[in-house]
Amino acid sequence: MLEYVMVLAMTLGVIVMLGFFIYVFKEYGGRILELVSSEYP
């Protein structure tokens with residue numbers, strides 16, 4: 001039983017970290033797109 005709980009905790013941790021990285025890279029990509037598509041000469 002303990003093994004299942006430990007694997008579940010590690011899996012949830014990996015999923016949360018993956019979601020965090022996806023969020024950060026989406027925000028960073030949005031900033032880059034804003035800079036590239038700006039009307040600055």
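Laboratory data are not the source of any read-out in this text; all were calculated from the coordinates shown. Quick caveat: nothing in here was measured; it's all calculated off a predicted structure. Don't worry about glycine lacking a Cβ; one is built from the backbone with ideal geometry, like all the others, and counts go over all protein chains shown.
To test your reading of the geometry: what angle, between 0 and 90 degrees and rounded to tens, separates the Cα axis of helix 2-36 from the longest principal axis of the chain? The answer is roughly 0 degrees.
Stokes-Einstein diffusion for the chain at 25 °C, viscosity 0.890 mPa s, with a Kirkwood radius from C-alpha pairs, works out to 194 µm²/s. Peptide packing for 11-21, 29-39 was compared via the average number of neighbouring C-beta atoms within 10 Å per residue; ordered from the highest value, the list is 11-21, 29-39.
Here is how the number arises for the chain: DSSP H runs of 4 or more residues each give -39500 (n - 2.57), the sum is divided by the residue count, and the result at 222 nm is -31000 deg cm²/dmol.
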